[in-house]
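Visitor: I have a structure here, written as structure tokens, and I will follow up with some questions on it.
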Amino acid sequence: MSTEVTASSVISAEQQTSVSVSAQKEPVQKVNLLGMSRAELEKFFEDMGEKKFRASQVMKWIHQFFVTDFAEMTNISGKLREKLEKICEIKAPEVVHKNYSKDGTRKWVFRVGDGEGSLVETVLIPAEHRSGLRRTLCISSQVGCALDCSFCSTGKQGFQRDLTQAEIIGQLWMANYSYMEDVPVLERERSVTNVVMMGMGEPLLNYDAVLNSMRTMLDDFAYGMSKRRVTLSTSGVVPKIDQMVKDIDVALAISLHAPNDELRNELVPINKKYPLEQLIAACQRYIAKDGNESSRKHVTIEYVMLDGVNDHPEHAQQMIKLLKNLPSKINLIPFNPFPHAPYGRSSRNRIISFQKTLSDAGFVCTIRQTRGDDIDAACGQLVGQVADRTRRAEQWKKKISEKNEILRSQG
Ligand code: SAH
Ligand code: SF4
């Protein structure tokens, strides 16, 4: 969407959407307020000559009442609303596919560009918990991924681009909105209770956008989520783990997947750059700060169970040694196969005995449940299949039109 703008004061907002304004009234792209953190929105309003507190007001409308029309922001003057209408928009990424499973799992595929593979997925998984119903949203941070882990279908797609803040927070916005679409604006509530940055992409390689998005997740004027309920998962970008210590307090998960460098170099190639010793030391630094007051009492260790590759008893023993000085909770993930994957899923028995070895050594070790199977919500799988389906749909369309052509020619 584009419009004509002459208010050159508006342009200086630091934002992912580029805005060009000139005295000649060239068409410009509207500024998308959806992705802005509070600090960015405050600067935006100040640059407009407005009061800073407008930022918190607008944030609440966007992220707590899920409003996209400025006309509905009733505590903002008509004049300012009109001004905003002209130069801004509140726009979530386009949903091209959504699926709500019988077990409560919900899944969205967003189009984030024109190319064939410009799709990202977001999955919401509900679970009963002693504190009530949990709705955990798995958010993507990049289109594809450059890190090429050998068991990951996202890695196989290669890297296309970083998601913008609007595209990252837009996933959370859309999931919340999906429960509130039919609810009157002032009665709307936030439904997603937990976020894991475990969708497509390596979040620490899109650091600024992910950081600002997580700030919005924690912000009381936006999603107000507890820092323990926002988890960033990384394959081990060590310098950025250290940067996070300075910038934000959220829970950290590490995609370990192998207990020694030789195997990890093969499965998670970024290990060649930041080997295990460095990674474990960075995790220790991450949880050292603030002690019990923070969400940093432990890190979560993710370990995908690959049949005959990393699931031997000796691997469990190596894990015990590796993690002995790192407060951690281990989550064993049954491998989700994808077409042409070079691995199989470890048997249930093998996973359970791996778990038992770690539990006997004193670790909290859980096995991730595979959920949403009826809608292919398994990690990192959907987009590939949608791409397949799209191609199939095209082939079908072609076949049908050829058939119609023959029928027509036969009169
Ligand atoms: N890039 C980040 C976050 C996205 S991947 C990271 O690697 O941590 C989220 C999790 O899904 C990671 O633990 C990843 O290793 C795991 N994963 C990737 N492909 C998988 C597959 N085919 N089966 C099971 N888990 C997988
Ligand atoms: Fe990228 Fe994570 Fe997949 Fe590795 S596991 S390729 S880091 S998305």
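Visitor: Let me have the relative contact order for segment 27-89, percent, based on Cα pairs under 8 Å that are six or more residues apart.
Guide: Details: 42 pairs, mean separation 24.8, N = 63.
The normalised contact order for segment 27-89 reaches 39 percent.
Visitor: What would the Debye formula give as log10 I(q)/I(0) at q = 0.11 Å⁻¹ for the alpha-carbon point model of segment 94-403, no solvent?
Guide: -0.68
Visitor: Okay, next question. Under a Cβ-only charge scheme (Lys and Arg +1, Asp and Glu -1), can you give me the dipole magnitude of segment 309-359 about the Cα centre, in debye to the nearest 20?
Guide: Values: 7 positive and 2 negative charges, 32 e Å.
The calculation lands at about 160 debye.
Visitor: Compare the peptides 143-149, 364-370, 82-88 by average per-residue count of other Cβ atoms within 10 angstrom and give them in order, highest first.
Guide: On the way: 143-149: 20.7, 364-370: 14.9, 82-88: 18.1.
Ranked from most to least packed, the peptides come out as 143-149, 82-88, 364-370.
Visitor: Still on this structure: Give the Debye-formula value of log10 I(q)/I(0) at each listed q (0.26, 0.28 Å⁻¹), with one equal scatterer per alpha carbon of segment 27-89, two decimals each.
Guide: Log10 I(q)/I(0), no solvent term: -1.32, -1.55.
Visitor: Name all residues of segment 84-121 having a backbone nitrogen under 12 Å from the label point set 7 Å from the Cα of Ala71 along its Cα→Cβ direction, giving them as ranges.
Guide: none
Here, each number is a calculation from the coordinates, and none is a lab measurement. Just so we're clear, the structure is a prediction, and the values are computed from it rather than from any experiment. Positions of Cβ are backbone-derived with ideal geometry, glycine not excepted, and every protein chain shown enters the neighbour counts.
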